[in-house]
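**Student:** Here it is: the structure, laid out below.
The values are calculated or read from the model by the stated rules, or taken from the named source; none is laboratory data. Being a predicted model, the structure only gives us computed values, none of them experimental. Neighbour counts run over all protein chains shown; Cβ positions are idealised from the backbone, glycine included. Heads up: the accessible areas ignore ligands, DNA and RNA and are worked out on the full protein's heavy atoms, side chains in. Shrake-Rupley method; radii C 1.70, N 1.55, O 1.52, S 1.80 Å.
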Amino acid sequence: TYSIAQPADAVKAVNLFIIEKNLDIKSAIDLFTKEFSICKTNPEQRVYFLAQIDEILVAYAGARFYDQTVDENMYGTKQLLPTGWYLRGLKVHPKWRRIGVAREITKRRLEWLSKRTERAMVFLNDESKETLPMYYDFGFTIISKGWEFVDNKYKRNDQQGVLLSLTF
């Protein structure tokens with residue numbers, strides 16, 4: 001089943017989030033509680049979808065409106081990203097990958113966004129070999145590449161950012 005995340009879902013999301021990350025659980029719970037609370041209080045600016053199979057959270061994925069004039073730099077890039085709606089935060093449990101969960105949760109995000117905007121964007125690193133083809137299948141095209149990361153939280157090796165866009 002697929003649903004929109006609520007603040008009470010934060011702990012479930014954290015358990016999925018920390019599988020492949022070396023993070024302290026309290027900080028992660030605080031982060032997701034904050035994100036999901038923003039979704040609840042400002043649903044026209046941010047949303048997270050959850051995918052559950054047999055009551056087990058197997059994926060989450062978000063979308064948010066980013067305004068470069070007021071919001072913090074989402075990805076720690078040297079240049080500011082354009083203002084607009086972004087897909088972000090796609091995470092699928094390793095045991096549930098390659099069966100269409102990411103595609104389905106992305107389809108739902110795009111349906112949600114198509115009722116609110118004429119364009120969706122996604123920002124990835126240029127080594128996202130698993131997800132780039134999926135976004136191309138949905139009709140996204142590269143609008144710019146070569147984005148430099150200055151924040152070490154996002155910088156990995158010599159990767160650079162790629163900005164993709166989809167017009168509804």
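**Student:** Ratio to report: Rg/Rh of the chain, with Cα atoms as the point set and Rh obtained by the Kirkwood method; give two decimals.
**Tutor:** Over the Cα atoms of the chain, Rg/Rh equals 0.93.
**Student:** For segment 89-146, what is the convex hull volume of the alpha-carbon atoms per residue, in Å³?
**Tutor:** It comes to 93 Å³ per residue, whole-number rounded.
**Student:** Something else: What base-10 log of the normalised intensity I(q)/I(0) is obtained for segment 25-114 from the Debye formula, alpha carbons as equal point scatterers, at q = 0.19 Å⁻¹?
**Tutor:** After summing over all Cα pairs, the log10 values are -1.00.
**Student:** Carbon and sulfur together cover what percent of the accessible area of segment 1-142 at a 1.4 Å probe radius?
**Tutor:** For segment 1-142, the apolar C and S fraction of the accessible surface comes to 51 percent.
**Student:** Helix-only estimate, please: 222 nm mean residue ellipticity of the chain, summing -39500 (n - 2.57) across DSSP H runs of length 4 or more and dividing by its residues, to the nearest 500.
**Tutor:** -8000 deg cm²/dmol
**Student:** Listed here are the pairs 34/115; 12/91; 12/40; 40/95; which of them are more than 19 Å apart at the Cα?
**Tutor:** Table pairs above 19 Å Cα-Cα are 34/115; 40/95.
**Student:** A further question follows. Quick check for me: using +1 on Lys/Arg Cβ and -1 on Asp/Glu Cβ, what's the dipole size of segment 96-168 about its Cα centre, in debye to the nearest 20?
**Tutor:** 340 debye
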